[in-house]
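Asker: Have a look at the structure that comes next, please.
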Amino acid sequence: MRTDLPGTGQVIDWKRLCQLHEEVGPDEFRPILELFRDEIESVVLRLDPNDGAALEAQLHFLRGGACNLGLREFAALCQAGEALASTGRAREADLGALTEAWARARRMLMHDLEKLALRGAGDAV
């Protein structure tokens, strides 16, 4: 399974995802993951660089969800955009790269979710 893309670093921290799986248990893991996915998706679709305060808050929310799920690349881009928005430079945030990173992470999560469920919580996918 490929977790790194050239020049981007690790997309998903599978150890973190396995830790979450262990923390919530197998019965609750998938519903929680799907809830996070849906919430993140809805916020990503509403990102607007023309409202710096809203963008900062949205990126902060997204970064929290990304960190909980181990979405390293996406979290880093959220953090960078949040920092720009907090200094009045929201229009400089690379929302295209952020959206692409989310799409990559979402595809990988959903593709490898079954592998994760079948493995022990301490094993990385």
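The values are calculated or read from the model by the stated rules, or taken from the named source; none is laboratory data. Treat the numbers as computed from the prediction; the structure is a model and nothing was measured. Please note: Cβ atoms are built from the backbone with ideal geometry, for glycine as well, and neighbour counts cover all protein chains shown.
Asker: Out of the residues in the range 1-47 that are among the aliphatic types (A, V, I, L, M) and in contact with an Asp or Glu (Cβ under 7 Å, 6 or more places away or on another chain), which is modelled with the lowest pLDDT?
Answerer: Selected residue: 1.
Asker: Taking only pairs six or more apart or across chains, which ones have beta-carbon atoms under 6 Å, a first residue in the range 12-33 that is closer than 19 Å to residue 101 by Cα and hydrophobic (A, V, I, L, M, F, W, C), and a second residue that is at pLDDT below 90 and assigned to a helix (DSSP H, G or I)?
Answerer: Pairs that qualify, where the first residue is closer than 19 Å to residue 101 by Cα and hydrophobic (A, V, I, L, M, F, W, C) and the partner is at pLDDT below 90 and assigned to a helix (DSSP H, G or I), are 12/108.
Asker: Of everything in the range 28-84 that's farther than 25 Å from residue 15 by Cα and among the charged types (D, E, K, R), which residue is farthest from the chain's Cα centre (by Cα)?
Answerer: This residue is 51.
Asker: Pick out the one residue from 12, 40 that is closer than 20 Å to residue 108 by Cβ, among the β-branched types (Val, Ile, Thr) and not in a helix (DSSP H, G or I).
Answerer: Checking each option against the conditions leaves just 12.
Asker: Additional query: Here's a check for you: in the range 50-102, which residue that is touching a Leu at 6+ places or on another chain (Cβ under 6 Å) and not in a helix (DSSP H, G or I) is surrounded by the fewest Cβ atoms within 10 Å (Cβ to Cβ)?
Answerer: 70
Asker: From the list 66, 57, which one is at pLDDT 90 or above and closer than 19 Å to residue 107 by Cβ?
Answerer: Being at pLDDT 90 or above and closer than 19 Å to residue 107 by Cβ holds for just one of 66, 57, which is 66.
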